[in-house]
Amino acid sequence: MSQAGTYLAARHAEATSDDAKAAIYLSRALEFDPDNQSILRHTYFLGAQIGDFHSAATAAVKSTDGAPQLALAPLIVAVNA
């Protein structure tokens, strides 16, 4: 599946409340583009929402490296520390 396909599959899974599947697809989308801030934000929001704080913190750390002005990412990193 392509990057766009995995991202769209993740968004569809989120829309249908299948958060576990959405997390899997977001992880695959990050394999295509690990520095994509939009995918990183979706990953840490969803990870925090489903209680996967390890994945949320990993994405949040990477997100703050690329865009330190984001307000929620540093909070997730701090909570996970």
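The values are calculated or read from the model by the stated rules, or taken from the named source; none is laboratory data. Not measured: the values here are computed from a predicted model. Only protein heavy atoms, including side chains, enter the accessible area calculation; ligands, DNA and RNA are left aside. Shrake-Rupley method; radii C 1.70, N 1.55, O 1.52, S 1.80 Å.
Got at least one residue in the stretch 6-13 being of a type in the set (Val, Ile, Thr) and at pLDDT below 85? No, the conditions are met nowhere in the stretch 6-13.
The stretch 16-81 holds helices (runs of 4 or more DSSP H) entirely within its bounds, and those carrying 3 or more residues that are under 26 Å from Ser2 (Cα atoms), open to solvent by less than 50 Å² (accessible area, probe 1.4 Å) and at pLDDT 90 or above map to 19-32, 37-50.
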